[in-house]
Amino acid sequence: MALQSLPGARNLLGPLPYLVPSSGFNANFMTGNGNETYIIGRMRTSDGNSHTIDTTGSSAIGWRNIGVVFSSGTTVLNVGLAAVDTTNGSPGRPVNSAGTTTFDVKCAHTTATTTPGNNAWVTSVPTTGSKTIADGDLVAFAVQYSALGGSDFCQVAYGRAASNNSVLFPFVGTYQGSFSGVQGSVPGIIVVFNDGAIGYFDASDVVSVYNNQNWNNTSGTKEYGQLYQMPFPMKVCGMYAYMSGSGDLNFNVYSDPLGTPVAQVSHAYTNKISVTTGNPAWAFDYFPTPYQVAANQPIGAVIQPSTSTNVQLYYKTIANAAHRAADPWGTSGYGISRSSGAFANANSSLDHYYVGLLVSAFDDATGGGGGGSGGGYVIGS
């Protein structure tokens with residue numbers, strides 16, 4: 001086995017660099033009968049195999065809203081999965097009849113059965129149908145009224161991207177008499193198949209709550225970051241994060257973060273070379289000397305303020321630790337923090353900081369024994 005340098009300046013291992021978590025959720029305000037919010041993309045499965053979602057076992061669909069009113073007693077909100085219409089469009093759309101989606105599997109939410117939680121992550125358990133999905137299949141997720149009473153409404157939420165990024169594919173769309181794509185949208189849903197395997201849209205970000213951490217070198221907790229444990233050797237040449245702050249800090253890479261942490265890299269990032277701002281954005285920086293990481297070695301990508309000026313670092317909370325299957329670091333990663341000594345798991349693996357790795361080389365598996373990509377993905381530059 002040998003580490004092979006990748007062409008180009010860097011490859012990114014971590015959160016999607018076009019996300020704008022500081023803007024919070026965007027949403028489609030569905031106030032008319034037949035209104036719909038949908039997502040079209042390639043669905044990945046947690047083990048790369050085909051799985052079925054139906055009305056049995058663990059079958060469920062997880063999605064987020066930022067507001068729901070279900071008080072009329074007559075509203076029916078269908079949440080489910082459908083085939084994609086590859087004949088009509090663009091914009092893309094689910095298979096439908098005059099705008100009404102032809103669901104393969106769905107949950108019919110009513111006030112008599114299950115009312116979706118308000119401004120919350122919602123778990124919709126199918127009440128009818130079945131759909132088998134192979135890793136990489138083209139799939140449509142949709143939320144649509146088949147009946148709407150009184151002043152009931154639903155606002156289906158999704159993440160935001162800078163400018164028009166992510167509008168082409170995968171994308172969020174709406175139907176309000178005609179089909180339309182939503183610019184700057186980042187999908188984020190979870191499918192749980194009847195055997196417990198997880199499905200998610202590639203290049204998406206699954207989020208229950210957006211939040212941020214503000215701290216400095218006088219705070220009780222001194223360092224926050226993300227645990228990575230990848231199944232292949234690699235060379236880490238830098239870090240990136242979604243953050244703000246007007247003080248100096250260190251980008252640190254720790255070996256054995258949960259046991260006896262050792263700072264293999266402690267790279268000073270001085271605000272004097274950057275923009276002084278309270279507005280969060282993506283920051284990227286390289287290490288003078290890369291750090292070589294072994295296969296399956298846990299490392300911590302951590303931010304440490306070096307002054308009493310606050311750093312603001314964004315993170316997301318997911319609804320269930322199993323949803324980590326949708327993240328670039330896979331199910332082995334999660335947010336970590338410490339004051340001193342060993343780092344601790346942040347919020348039982350539910351908190352994930354928007355901190356990533358810049359990687360300049362991967363193992364080519366020459367001679368056998370190399371690792372695959374595991375449940376993560378790498379965004380190349």
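None of the figures in this text is laboratory data; all of them are computed from the coordinates on show. What you see is a predicted model, and the numbers here were worked out from it, not measured in a lab. Note that we place each Cβ from the backbone using ideal geometry, even for glycine, and neighbour counts take in every protein chain shown.
Which of the peptides 127-140, 209-222, 185-198 is most tightly packed, and how do the rest follow, judged by the mean count of other Cβ atoms within 10 Å per residue?
Ranking, from highest mean packing down: 185-198, 127-140, 209-222.
What FRET efficiency comes out for the pair Thr221/Ala295, r = Cβ-Cβ distance, R0 = 41 Å, nearest 0.05?
About 0.85, to the nearest 0.05.
Test of understanding: in a Gaussian network model of the chain with alpha carbons linked when under 10 Å, which of Ser208, Ser178, Ser50 would top the mean-square fluctuation ranking?
Evaluated over the chain, the most mobile residue of the options is Ser178.
Which whole-number percent gives the relative contact order of region 34-122, counting Cα pairs below 8 Å spaced six or more residues apart?
36 percent
Taking a temperature of 20 °C and a viscosity of 1.002 mPa s, what whole-number D in µm²/s does Stokes-Einstein yield for the chain with Rh from Kirkwood over alpha carbon pairs?
Translational diffusion coefficient: 99 µm²/s.
Calculate the dipole size of the chain relative to its Cα centre from +1 charges on Lys and Arg beta carbons and -1 charges on Asp and Glu beta carbons; express the result in debye to the nearest 20.
520 debye
Given a Förster radius of 45 Å and the C-beta distance between Ser308 and Thr55 as r, what FRET efficiency does 1/(1 + (r/R0)^6) yield to the nearest 0.05? Kindly include the intermediate steps, with their values, before the conclusion.
Details: r = 57 Å, r/R0 = 1.26.
According to the calculation, E is roughly 0.20.
Evaluate the charge dipole of region 157-312 about its Cα centre and quote only its size in Debye, nearest 20, assuming +1 on the Cβ of each Lys and Arg and -1 on the Cβ of each Asp and Glu.
About 260 debye.
Looking at region 26-206 from every direction and averaging, what is the projected area of its Cα convex hull in nm²?
For the Cα atoms of region 26-206, the hull's average projected area reads 9.2 nm².
Averaging sequence separations of C-alpha pairs under 8 Å and six or more residues apart, then dividing by the length of region 26-206, give the relative contact order as a whole percent.
40 percent
Taking 0.36 nm per residue of sequence separation and subtracting the Cα-Cα distance, how much length would be gained by fully extending the chain between Ser339 and Asp202, in nm to one decimal?
Residue separation times 0.36 nm, minus the Cα-Cα distance, leaves 45.8 nm.
Could you work out how far apart the two model spin labels at Gln183 and Val125 are, taking each label as a point 7 Å from the Cα in the direction of the beta carbon, and quote it in nm?
The answer from the label model is 4.2 nm.
For the chain, calculate the relative contact order in percent as a whole number, restricting contacts to Cα pairs under 8 Å that are 6 or more residues apart.
About 24 percent, as a whole number.
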